[in-house]
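The values are calculated or read from the model by the stated rules, or taken from the named source; none is laboratory data. Quick caveat, the model's predicted, so the values are computed rather than measured. Here Cβ is always computed from backbone atoms with ideal geometry, including for glycine, and neighbour counts include all displayed protein chains.
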Ligand SMILES: Nc1nc2c(ncn2[C@@H]2O[C@H](COP(=O)(O)OP(=O)(O)O)[C@@H](O)[C@H]2O)c(=O)[nH]1
Ligand SMILES: [Mg+2]
């Protein structure tokens, strides 16, 4: 899974990217043109606990890939704009970073913050990009003599329905499609059907005051578009993340930030993208694996290795909560919480699994 960071120039995308991935890409003026990719560890207290119990040689957290995509500028060449749009298109989900913080330096380059304007402009940009694609596809379908008539007609009717929705400013993610319509659309990807999150980038003072200009309108807009929102202090959090751990907690506490921006973003993404984690444990490694919620045991095994999927016999499962409560695997077993599950078993968030297989 790859999440694209998008938004206007100067919003703090690269700052957030650095915070999330521990990178040191240049921010501000030197930010330049490049797309950066990197991955972030998904913080998970359960993994910390498992690690303290099993004392493994290696502890592996789940990871999320992030991609820092520069914002398009007015004077962009068409080629650059379309290349950036392709980068946006290939992400699985998007986080729109919104500039709310006050900074003389940033204002001197990009003008006063206008978060609500940026938010609705960006939404419109995504809509227009989808409208553009749909119009081109419809035109191509209508002028393609090779396609069977009824097939082309069904496709065209569907695309026109989507176009109409977009023209009345509905996102494609809000449109219910029948199974048949989904099949007709297979392989086509649209920007407004991607999960879209909002990261409101505020400064320390706004964080302390819990308020900033335009907050109510921003929240109302996000709610109407079904966009989950987090507020972050990208710059401050990045500075804090470079401190020694002891100092770090003190600063976070002082700002009343119980959970890091990464932690909150990761939780939001897991929830919205319907993801969950299961764990494997042992002396060698304690590890988190990310799956779609309710993935069948055999497909979950495929995450680890195709041999385990192929030779799947049974999954031996117990739940993290039991281990956490009872303190050791033997006690969990004694209490009767170990289960053997078959290949169709829908794996639950927090399951600790050992797969039995033969190859
Ligand atoms: N004061 C303040 N400045 C920030 C914050 N986030 C980013 N900046 C500054 O804003 C400028 C643009 O940030 P950058 O991450 O490069 O934005 P991008 O163009 O969206 O990638 C840089 O000078 C950052 O130091 C923030 O939360 N507070
Ligand atoms: Mg940048």
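Quick notes on this one:
- Wholly within the range 1-96, helices (runs of 4 or more DSSP H) carrying at least 2 residues that are in contact (Cβ under 8 Å) with a residue 12 or more places away in the chain and within 30 Å of residue 190 (Cβ to Cβ): 13-21, 78-89
- Among the residues here, residue 160 does not qualify as touching a helix residue (DSSP H, G or I) at 6+ places or on another chain (Cβ under 8 Å) and closer than 30 Å to residue 278 by Cβ.
- For the range 118-133, the criterion of being closer than 22 Å to residue 215 by Cβ, in contact with a helix residue (DSSP H, G or I) (Cβ under 8 Å, 6 or more places away or on another chain), at pLDDT 90 or above and not in a helix (DSSP H, G or I) is satisfied by no residue at all.
- Qualifying residue in the range 157-174 (condition: surrounded by 13 or more Cβ atoms within 10 Å (Cβ to Cβ) and within 16 Å of residue 96 (Cβ to Cβ)): yes
For (1) away from ligand 1 (no atom under 11 Å from the Cβ); (2) farther than 15 Å from residue 288 by Cα; (3) out of contact with any helix residue (DSSP H, G or I) (no Cβ under 8 Å at 6 or more places or on another chain), each residue gets a yes or a no:
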| position | (1), (2), (3) |
| --- | --- |
| 5 | no, yes, no |
| 10 | no, yes, no |
| 14 | no, yes, no |
| 21 | yes, yes, yes |
| 40 | yes, no, no |
| 44 | yes, no, yes |
| 51 | yes, no, yes |
| 59 | yes, no, no |
| 64 | yes, no, no |
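- Every condition in (1) modelled with pLDDT under 95; (2) within 16 Å of ligand 2 (Cβ to nearest atom); (3) under 24 Å from residue 270 (Cβ atoms) holds for residue 41 except the one numbered (2).
- Residue in the range 243-257 that is surrounded by 12 or more Cβ atoms within 10 Å (Cβ to Cβ), in a helix (DSSP H, G or I), touching a residue at least 60 places away in the same chain (Cβ under 8 Å) and more than 16 Å from ligand 2 (Cβ to nearest atom) present: no
- When each of 190, 197 is tested for being within 30 Å of residue 151 (Cα to Cα) and touching a residue at least 60 places away in the same chain (Cβ under 8 Å), the lone residue that passes is 190.
Rundown of residues vs (1) farther than 22 Å from residue 50 by Cβ; (2) touching a residue at least 60 places away in the same chain (Cβ under 8 Å); (3) in a helix (DSSP H, G or I), yes/no style:
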site: 282; (1), (2), (3): no, yes, no
site: 300; (1), (2), (3): no, no, yes
site: 303; (1), (2), (3): no, no, yes
site: 318; (1), (2), (3): no, no, no
site: 322; (1), (2), (3): no, no, yes
site: 325; (1), (2), (3): no, no, yes
site: 333; (1), (2), (3): no, no, yes
site: 340; (1), (2), (3): no, no, no
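- Any hit, the range 70-86, residues being within 11 Å of ligand 1 (Cβ to nearest atom) and surrounded by 14 or more Cβ atoms within 10 Å (Cβ to Cβ): yes
This table checks each residue for (1) over 22 Å from residue 265 (Cα atoms); (2) buried (at least 16 other Cβ atoms within 10 Å of the Cβ).
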{"position": "17", "(1), (2)": "no, yes"}
{"position": "22", "(1), (2)": "no, no"}
{"position": "48", "(1), (2)": "no, no"}
{"position": "55", "(1), (2)": "yes, no"}
{"position": "58", "(1), (2)": "yes, no"}
